[in-house]
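Structure record follows, encoded as structure tokens.
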């Protein structure tokens, strides 16, 4: 073989070896860098103790209020809001309790009378006089609104045991409910919910 060709092959082989060494240099440097980072981390964590218990924090639970939610409310003020002096002085024979505040849908009374709203609370006024019934109605509806109840029933009776058979509480209740801001509408109950002896009430939401 020609001497010059032999020299060229040697030089080429040398270049290949140098290229191969250069190809492996970054991996070696990377490995060294990784080892250096690990050593720095261990040095930073020197003296740190591993927690023996679970890695959670136990927060102190607040003491529950002794008042059930929705029960500790201010008593409503009884004033002209539930006045007996109201344009409706009497009920016609067989007249039903029915009223709706402005701004309600036209079919509100129909749905209320048909019982499409589930009754969530009830108040029975049997045996009460006018003053005690007024207080109980005010407290009852105020509490219903605080509890976010939409529909309630008040049983006022048919007046069969009253003087001359006149349903006194029925007339008073009609006046009171029409004046109360908590009441959106009310209607005489259907035969399955008390008929002429009870009234269903749609209550305004207590949310601001």
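The values are calculated or read from the model by the stated rules, or taken from the named source; none is laboratory data. Model, not experiment: these values are computed from the prediction. Please note: Cβ atoms are built from the backbone with ideal geometry, for glycine as well, and neighbour counts cover all protein chains shown.
If we keep just the residues of the range 166-186 that are assigned to a helix (DSSP H, G or I) and closer than 11 Å to residue 199 by Cβ, which is nearest to the chain's Cα centre (by Cα)?
177
Which residues, taken from the range 133-161, are part of a loop (DSSP other than H, G, I, E, B), touching a residue at least 24 places away in the same chain (Cβ under 8 Å) and more than 27 Å from the chain's Cα centre (by Cα)?
Correct list: 156, 157, 158.
Considering only residues that are in a loop (DSSP other than H, G, I, E, B) and without any contact (Cβ under 8 Å) to a residue 40 or more places away in the chain, look in the range 111-132 and name the one that is farthest from residue 153 (Cα to Cα).
129
Restricted to the range 187-208, and to residues that are assigned to a loop (DSSP other than H, G, I, E, B) and within 25 Å of the chain's Cα centre (by Cα), which residue is modelled with the highest pLDDT?
204
Which of the residues spanning the range 96-110 are within 30 Å of the chain's Cα centre (by Cα) and part of a loop (DSSP other than H, G, I, E, B)?
Result: 101, 102, 103, 104, 105, 106, 107.
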